[in-house]
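Read the structure below first, then the notes.
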Amino acid sequence: MTNETLPSPQAAVPEPTVSLQRRLGQIAAWAILFALLVMIAVQLYRRTLGQVSSGSAPGFTLTTFDGQEISLESLRGQVVVVNFWASWCKPCEKEAPELEAFYRAYKDRGVVVLGVDYVDTETEARAYLKKFGITYPNGPDLGTRISQSFRIKGVPETFVIDRNGQLVKTIIGETTQDKLAVIVEPLLK
Amino acid sequence: MTEKQLSADRETLFAPQLNCGAAGGSCTAARTFVIATTNYNLDLLRLAVAFLLLTVYCLLVTIPALAQDDGPTDDEVNAVAKQLYCPVCENTPLDVCPTQACAQWRATIREKLEAGWTEQQIKDYFVEQYGERVLAQPSTRGLNILVWILPPLVFLVGALFLARYLRAVSARRPAPAKAATSEPAEDDLAAQLEKELAKRR
């Protein structure tokens, strides 16, 4: 009988397996903890970020109150003005006629205005559109997905997107026809 | 005007039509008949007016009650509303939120309840419209499951660690050592006391 066939005293005790299990458990616990901390950090970081103000505009599809589907991608080649509003928002009421006037002045010059109704009820939203005679496409922000992708902080907020889908200007608060004209004119040349 | 005057007036009014002068005695009977008939008509009129007033009163009392029975009560609306949070007013449940946006949401809840929607259907509608963040209690779908699992899990793991730590501490502590050290100390003290007493004797 050789030494190889004899069981060594250490081999009888399954210590390495136990310590390996323990080690794996510890690694898993630390990994879970780390993942949680990363998730919390990402959320906190996102909260500190302001509205999107440069680069490619976040893509979205708006289903209007009339049931028409308009994707931002399909409007490539045109200047797009995305306005977030709500029927309960008083500053929105002030800018509504201005936006409508701007739309009427520029709609034949390759400018599209899209109204995104933020956290609103359809009845009041429709009444609001009727009250201000809004004719440009408007639709609800279903699931607040569009407003989240633009990281808006409130309403009204307006985003101007150039013909290549790049964000040119972020307007926080109410805007006017003149302000928008100043921003849009250079984009049409 | 008294009842007597009224009767006299009626008599005067109907007398020419009855030809009382020619008829003599029959005129008195006719008069009596006219008075009785008009009195009876007056009673009927009174009764009709009283009935009409009673009907109006009953309608006034019951219509608001009926209207309340038809629509959902504020409590029913708030029972759904308190399970929702408006994203505009963070950390304020919908049932107590004073903003116009929240008032509109509550009106929508009322509309849906009137239309016969269930509580769950209304909540699903709000989630579809405004996202999952409107729910006071997060759903158990996707990453939201962590909200439900993690707190009890962390508590359990913490309790496990604490139990293991306490067991380890109690295992490390030499229990009888305290008794062994305290006895000699007492003996020393007694011996010193004896010594001092012997000195003073």
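Tabulated data
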item: For the stretch B:73-201, alpha-carbon Rg relative to the globular expectation (2.2 N^0.38 Å, N residues); result: 2.40
item: Solvent exposure ordering (accessible area, 1.4 Å, most first) of A:T135, A:T176; result: A:T135, A:T176
item: Reachable lysines, given that their alpha-carbon falls under 26 Å from the alpha-carbon of A:K94 and they are not under 8 places away in the same chain; result: A:K107, A:K130, A:K131, A:K153, A:K169, A:K179
item: Spread of Cα-to-Cα distances over 5 Å intervals beginning at zero, given as percent, for the stretch B:74-134; result: 4, 21, 35, 28, 11, 1
item: Exposure ranking of B:R106, A:R163, B:R141, A:R46 by accessible area [1.4 Å probe, largest first]; result: B:R141, A:R46, A:R163, B:R106
item: Extension gain, A:R46 back to A:D178 (0.36 nm per residue minus Cα-Cα distance, nm); result: 44.2 nm
item: Chain A - convex hull of the alpha-carbon atoms, volume per residue in Å³; result: 202
item: Size of the stretch A:59-126 as Cα extents on the principal axes (Å, biggest first); result: 33, 24, 19
item: R0 of 41 Å, Cβ-Cβ distance A:R126-A:A35: FRET efficiency to nearest 0.05; result: 0.35
item: Heavy-atom accessible area ranking, 1.4 Å probe, most first, across A:W30, B:W117; result: A:W30, B:W117
item: Estimated 222 nm signal from helices in chain A, with DSSP H stretches of n ≥ 4 weighted -39500 (n - 2.57), rounded to 500; result: -14000 deg cm²/dmol
item: Label-to-label distance, nm, for residues given as B:L52 and A:R145 (7 Å Cα→Cβ offset); result: 6.4
item: Simple spin-label estimate for A:R22 and B:R200 in nanometres, 7 Å along Cα-Cβ; result: 5.9
item: Partner lysines for B:K123 [C-alpha distance under 22 Å; skip if fewer than 8 residues away on the same chain]; result: B:K82, B:K112
item: Projected label distance in nm at B:L59 and A:S54, using a 7 Å step from Cα toward the beta-carbon; result: 7.2
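The values are calculated or read from the model by the stated rules, or taken from the named source; none is laboratory data. Everything numeric here is computed off the predicted structure, so don't read it as measured data. Backbone-built Cβ (ideal geometry, glycine too); neighbour counts: all protein chains shown. SASA here: full protein model, heavy atoms, side chains in, ligands and nucleic acids out. Shrake-Rupley method; radii C 1.70, N 1.55, O 1.52, S 1.80 Å.
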